[in-house]
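Chemist: I have a structure I would like to understand better, so I am pasting it below and will then ask my questions one at a time.
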Amino acid sequence: LLHKPADAAYYKNLASEVKTSYNRELLHPATNQYDRGSQTANGMSLAVGLVPRNRRAAVLHNLVANIRAHKNHLTSGDIGFHYVLEALREGGRSDVICSMLSQTTPPSYGYQLKMGATTLTEAWNANPASSQDHFMLGDAEQWFYRGLAGIHFNLARPSGHQIVLRPQFVCNIASARASYQSAVGRIAIDWHRTATQTQINATIPVGQSALIYVPGSSPADITESGRPAAQSPGVTRLQSKGPDQIYRIQSGAYHFVSRSGATHR
């Protein structure tokens with residue numbers, strides 16, 4: 001981006017050397033665990049892209065297994081919590097995040113509420129000896145936007161991929177709504193799910209385009225403003241990916257309806 005090819009080559013090589021050294025020292029190849037196999041060790045390694053591609057699925061499996069073994073509770077602190085959530089979200093396991101956020105026994109947000117907290121506390125167990133108004137452990141807020149609502153915005157991506165809308169339908173949550181005032185304008189989404197269909201409303205800023213993931217096993221399951229989605233002005237179908245159909249949408253407001261309302265992820 002800065003048109004400094006020599007610097008770019010140097011840092012690309014340095015990043016490769018760091019990754020090699022990191023995995024040589026901390027990865028246990030026989031078990032696909034990092035360091036002591038803690039949630040933070042595996043989650044951080046995944047989130048920052050240090051896990052070799054052929055081991056990512058196994059390391060993610062170990063992270064999920066550790067969380068399940070702790071009855072959907074976290075063992076990470078303020079630093080590690082961010083990376084654990086990122087690793088799970090990027091790995092398509094927002095269902096695990098939702099299970100953790102739904103707990104009411106310590107350590108959890110629910111327990112802080114049970115102890116009378118009205119703001120985030122410094123300690124997971126809302127210890128009255130620690131701060132009772134402290135933005136520690138607050139990274140779940142990002143998941144509400146990027147995971148549950150599905151707004152992904154990154155100007156470093158190529159044009160046409162800077163805005164991605166990919167909501168996650170988990171924990172029997174019936175609806176979600178979010179907006180983000182980005183550098184290129186307001187990005188908004190709201191969705192509602194029933195047993196028979198999913199409705200998604202999306203707003204894309206003037207002069208921009210976005211990718212949107214709509215649940216549906218077939219393009220025939222999806223309409224936009226009452227028309228087959230691929231025939232709607234400003235909408236182009238790109239491909240299927242897992243349980244979703246991917247479309248490119250131009251600036252404007254859209255109303256998608258899918259007959260795949262019962263999809264859980």
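Chemist: First measure r as the distance between the Cβ atoms of HIS3 and HIS161, then evaluate 1/(1 + (r/R0)^6) with R0 = 22 Å and state the FRET efficiency to the nearest 0.05.
Modeler: That gives a FRET efficiency of 0.55.
Chemist: Something else now. Per-residue ellipticity at 222 nm for the chain, helices alone: DSSP H runs ≥ 4 residues times -39500 (n - 2.57), over residue total, nearest 500 deg cm²/dmol? Spell out each step's value before the answer.
Modeler: Numbers: 7 runs with 76 residues, N = 265.
Computed ellipticity for the chain at 222 nm equals -8500 deg cm²/dmol.
Chemist: Place a +1 charge on the Cβ of each Lys and Arg in the chain and a -1 charge on the Cβ of each Asp and Glu, then give the dipole magnitude about the Cα centre in debye, rounded to the nearest 20. Mind dumping the intermediate values first?
Modeler: Details: 25 positive and 16 negative charges, 152 e Å.
That gives a dipole near 740 debye.
Chemist: From Cα coordinates alone, what are the radius of gyration and Dmax values for the range 84-227 in angstrom?
Modeler: In Å, with Rg to one decimal and Dmax whole: 17.7, 59.
Chemist: Just report the Cα centroid separation between the range 82-119 and the range 36-55, whole Å.
Modeler: Computed from Cα coordinates, the inter-centre distance equals 19 Å.
Chemist: Could you tell me the accessible area of HIS192 in Å² (1.4 Å probe, neighbours in place), rounded to the nearest ten?
Modeler: 90
Chemist: Quick one: ranking ASP78, ASP35 by accessible area, 1.4 Å probe, largest first, what do you get?
Modeler: ASP35, ASP78
Chemist: Another question about this same structure. So what is log10(I(q)/I(0)) for the range 31-166 at q = 0.16 1/Å, when the Debye sum runs over its Cα atoms only?
Modeler: Log-scaled intensity ratios, in q order: -0.85.
Chemist: With the chain treated as a Gaussian network of Cα nodes joined by springs under 10 Å, which of LYS241, LYS12, LYS71 yields the largest mean-square fluctuation?
Modeler: Answer for the Gaussian network model of the chain: LYS12.
Chemist: Here is a further query. Using only the Cα atoms of the range 186-265, construct the convex hull and provide its projected area averaged over every direction, in square nanometres to one decimal. Could the numbers behind the result be given before it?
Modeler: On the way: hull surface 19.2 nm².
Quarter of the Cα hull surface area: 4.8 nm².
Chemist: Okay, moving on. log₁₀ I(q)/I(0) of the chain at q = 0.13 Å⁻¹, via Debye over equal Cα point scatterers, no solvent, to two decimals?
Modeler: The calculated log intensity ratios at q = 0.13 Å⁻¹ are -0.99.
Chemist: Continuing with the same structure: Could you work out how far apart the two model spin labels at THR104 and GLN239 are, taking each label as a point 7 Å from the Cα in the direction of the beta carbon, and quote it in nm?
Modeler: Going from the THR104 label point to the GLN239 one covers 4.4 nm.
Chemist: Let me cross-check PHE144: its accessible surface, 1.4 Å probe, with only protein heavy atoms counted, in Å² to the nearest 10?
Modeler: Rounded to the nearest 10, that gives 100 Å².
Chemist: Take the Cα radius of gyration of the range 25-101 and divide it by 2.2 N^0.38 Å, with N its residue count; two decimals is plenty.
Modeler: Taking N as the residue count of the range 25-101, the ratio is 0.96.
Chemist: Once the whole set of protein chains is in place, how much accessible area is left on CYS98, using a 1.4 Å probe, in Å² to the nearest 10?
Modeler: CYS98 exposes around 10 Å² with every protein chain in place.
Chemist: Where does each of VAL48, VAL235 land when they are ordered by accessible area, with a 1.4 Å probe and the largest first?
Modeler: Values: VAL48 75, VAL235 10 Å².
Largest to smallest exposure gives the sequence VAL48, VAL235.
Chemist: Under 14 Å from the Cβ of TYR247, count the other residues' Cβ atoms, weight Lys and Arg +1, Asp and Glu -1, and hand me the total.
Modeler: Overall, the nearby charge balance is +2.
Chemist: Additional query: Okay, which of the range 53-92 sit inside 20 Å, backbone N to the point 7 Å along the Cα-Cβ direction of ASN127?
Modeler: Label zone hits: 73-82.
Chemist: Would you count, across the chain, every pair of lysines whose alpha carbons are under 30 angstrom apart, provided the pair is eight or more residues apart or spans two chains?
Modeler: Lysine pair count for the chain: 4.
The values are calculated or read from the model by the stated rules, or taken from the named source; none is laboratory data. From a predicted model like this one, the values you see are computed outputs, not experimental measurements. Every residue, glycine as well, gets a Cβ built from its backbone with ideal geometry; the counts of neighbours run over all protein chains shown. Note: accessible area is taken over every heavy atom of the protein model, side chains too, but ligands, DNA and RNA are not part of it. Shrake-Rupley method; radii C 1.70, N 1.55, O 1.52, S 1.80 Å.
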